[in-house]
Amino acid sequence: MLILGFGGLSLPMSPAMASSDTPPCVVVRVVDGDTVDLDCLGEGRFRARLTGYDTPETHNPRCAAEAVHGQAATRRLRALVADARALEARLGRWDRYERRLVQLSVDGRDVGQRLIAEGLALPYDGGRRPDWCAHLR
């Protein structure tokens, strides 16, 4: 479990919330709706793919609708992280793109579930990615 901050500012770690085996981290940058850059004590800076959901692409989208919805998901994730009172990340394994798989919660609620409920993401378990252009028609 990690307590995160945003923009280089760490939120205070509560002993009840902190895990002794996981270093504190900060969200350095929200890359897109399902990817962030983290900086973790003892592990350095790395890219993290948030798990449990997928958002439309903002880099090389296949259609205009995907680009627009990807930008909306990115803005929403930035707002969630910036407005959070508490963030928690559970670090997982590394994926084939050299990103750490991370489950992120904001104020006790999973970010993926929130973006899915808001229509900005779809559930994703690591298999074939959704065809966003077909989905957004």
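Results, tabulated for the structure shown:
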item	result
Relative exposure of T55, T35, judged by other C-beta atoms within 10 Å (fewest first)	T35, T55
Chain lengthening between Q71 and Q113 when straightened (0.36 nm per residue, less Cα-Cα)	13.3 nm
Cα-Cα separations in region 34-90 greater than 15 Å, expressed as whole percent	59
Globularity ratio of region 51-137, using Cα Rg and 2.2 N^0.38 Å	1.10
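Since every read-out is calculated from the coordinates, none of them should be taken as a lab result. Everything quoted here is computed from the prediction, not taken from an experiment. With ideal geometry, Cβ positions are generated from the backbone for all residues, glycine too; neighbour counts draw on all protein chains shown.
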